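Please read the structure below before turning to the comments.
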Amino acid sequence: MKERLKTRVNIFWDRIRPLLILLVGCFLVYGLIQILDYSATNIDSSAETAPLWHALNTAVRVVGIFFILIWGFFTLDHTFARTNLKQSYGLSSKTTPRVSRFFTHPFVHGNEGHIRGNLPHLLLFVGIAALMVPSAQAFFLITIIMLTIEGVGIWVYGSKGNHIGASGLVLGYYSFIVGYGWLMWSLWLTATAIIIAIVFIKPTYEALRNREDQISVAGHWFGFLGGFIAAAALVQLT
């Protein structure tokens, strides 16, 4: 009887945990946005610091959106949809193309371990990229470019099967930061690019050379390529 009750409790906790993590994350993001808004208005509202507060606010909002998308998909899939979303929103290669899946597959993950392997680096790089670009519209543009290039690369060159996960997007934002900082050649942008390139060069190299089963090699390489192309495109437009 006790073992049966324990099993039921574990199953319930396993299903409800993603929802709790999502709610806590949303609360933290909302709280941080309120703190930034209050600080920008009441602590330092000078014209010189206004762009910094705006950039920080944008970066936090963007990081929050990515967190909500990834954990939201996983919560719906794991708690309510019984893992059906992975098939519905993942990207399969060499099949009739569904363009919408080019933009949904990075936000779908197989399990919590898969999310934990991608999410910390993704949120870090997303936040840095959002601080580097001149506007939220520019960030949206580079993200669309990266997702499009990665999606086309997976569809044309990817191995058979369902491709999901944000690892290609992680590599894309990494290469964007490095490429954009180098091409813009300004003190803080270039210094940031050099630091990120050095600190994360080993995990990036390991991800690009990984040929294990269940790894989207095409997603990694075309995501990485997409970041450089997005950086070059944004430099031309600014």
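The values are calculated or read from the model by the stated rules, or taken from the named source; none is laboratory data. Predicted model, so just to flag it, every value in this text is computed and none were measured. Neighbour counts are summed over all protein chains in view; Cβ atoms, including those assigned to glycine, are modelled from backbone coordinates with ideal geometry. The area values use the complete protein model at the heavy-atom level, side chains included, leaving out ligands, DNA and RNA. Shrake-Rupley method; radii C 1.70, N 1.55, O 1.52, S 1.80 Å.
Does segment 216-229 contain at least one residue that is surrounded by 14 or more Cβ atoms within 10 Å (Cβ to Cβ), in contact (Cβ under 8 Å) with a residue 60 or more places away in the chain and not in a helix (DSSP H, G or I)? Talk me through it step by step, then tell me what you get.
Residues of segment 216-229 that are surrounded by 14 or more Cβ atoms within 10 Å (Cβ to Cβ), as a first pass: 216-229.
If we keep only those that are in contact (Cβ under 8 Å) with a residue 60 or more places away in the chain as well, we get 216, 218-219, 221-223, 225-227, 229.
Imposing the further condition that a residue be not in a helix (DSSP H, G or I) reduces the set to 216.
Yes, segment 216-229 contains a residue that is surrounded by 14 or more Cβ atoms within 10 Å (Cβ to Cβ), in contact (Cβ under 8 Å) with a residue 60 or more places away in the chain and not in a helix (DSSP H, G or I).
I need the full set of residues from segment 72-118 which are closer than 22 Å to ARG17 by Cβ and hydroxyl-bearing (Ser, Thr, Tyr), in order please.
THR75, THR79, THR83, TYR89
Given the options ALA138, ALA191, name the one that is open to solvent by less than 20 Å² (accessible area, probe 1.4 Å), part of a helix (DSSP H, G or I) and either of a type in the set (Lys, Arg) or closer than 23 Å to ASN57 by Cα (or both).
Exactly one of ALA138, ALA191 is open to solvent by less than 20 Å² (accessible area, probe 1.4 Å), part of a helix (DSSP H, G or I) and either of a type in the set (Lys, Arg) or closer than 23 Å to ASN57 by Cα (or both), namely ALA138.
How many residues are open to solvent by 10 Å² or more (accessible area, probe 1.4 Å) and hydroxyl-bearing (Ser, Thr, Tyr) if we restrict to segment 168-178?
Adding up the residues that qualify gives 1.
Just for segment 56-95: of the residues that are over 13 Å from ALA166 (Cβ atoms) and of a type in the set (Gly, Ala, Ser), which one is surrounded by the most Cβ atoms within 10 Å (Cβ to Cβ)?
ALA59
The conditions are (1) without any contact (Cβ under 8 Å) to a residue 60 or more places away in the chain; (2) touching a Phe, Trp or Tyr at 6+ places or on another chain (Cβ under 9 Å), and TRP188 fails exactly one of them. Which is it?
That leaves (2) as the condition not met.
Please indicate, with yes or no, whether at least one residue in segment 68-82 is within 23 Å of TRP13 (Cα to Cα), in a loop (DSSP other than H, G, I, E, B) and at pLDDT below 90.
Initial filter on segment 68-82 (within 23 Å of TRP13 (Cα to Cα)): 68-82.
Retained after the next criterion (residues that are in a loop (DSSP other than H, G, I, E, B)): 81-82.
From what is left, the residues that are at pLDDT below 90 are 81-82.
Looking through segment 68-82, at least one residue is within 23 Å of TRP13 (Cα to Cα), in a loop (DSSP other than H, G, I, E, B) and at pLDDT below 90.
Filter segment 118-135 for residues that are open to solvent by less than 50 Å² (accessible area, probe 1.4 Å) and in a helix (DSSP H, G or I) and give the result.
Once the filter is applied, which keeps residues that are open to solvent by less than 50 Å² (accessible area, probe 1.4 Å) and in a helix (DSSP H, G or I), segment 118-135 yields ASN118, LEU119, LEU122, LEU123, PHE125, VAL126, GLY127, ILE128, ALA129, ALA130, MET132.
Considering each residue of segment 96-108, count those that are touching a residue at least 40 places away in the same chain (Cβ under 8 Å), outside any helix (DSSP H, G or I) and open to solvent by 60 Å² or more (accessible area, probe 1.4 Å), and give that number.
1
In segment 194-215, how many are open to solvent by 30 Å² or more (accessible area, probe 1.4 Å) and in a helix (DSSP H, G or I)?
Final tally of qualifying residues: 10.
Which condition number does GLU212 fail, the rest of (1) charged (D, E, K, R); (2) free of Cβ contacts under 8 Å to residues at least 24 places away in the same chain; (3) touching a helix residue (DSSP H, G or I) at 6+ places or on another chain (Cβ under 7 Å) being met?
With (1) charged (D, E, K, R); (2) free of Cβ contacts under 8 Å to residues at least 24 places away in the same chain; (3) touching a helix residue (DSSP H, G or I) at 6+ places or on another chain (Cβ under 7 Å) applied to GLU212, the lone miss is (3).
Which is part of a loop (DSSP other than H, G, I, E, B) and buried (at least 20 other Cβ atoms within 10 Å of the Cβ), of GLY165, GLY153, GLY181?
On the way: GLY153 fails: part of a loop (DSSP other than H, G, I, E, B); GLY181 fails: part of a loop (DSSP other than H, G, I, E, B).
Of the residues listed, the single one that is part of a loop (DSSP other than H, G, I, E, B) and buried (at least 20 other Cβ atoms within 10 Å of the Cβ) is GLY165.
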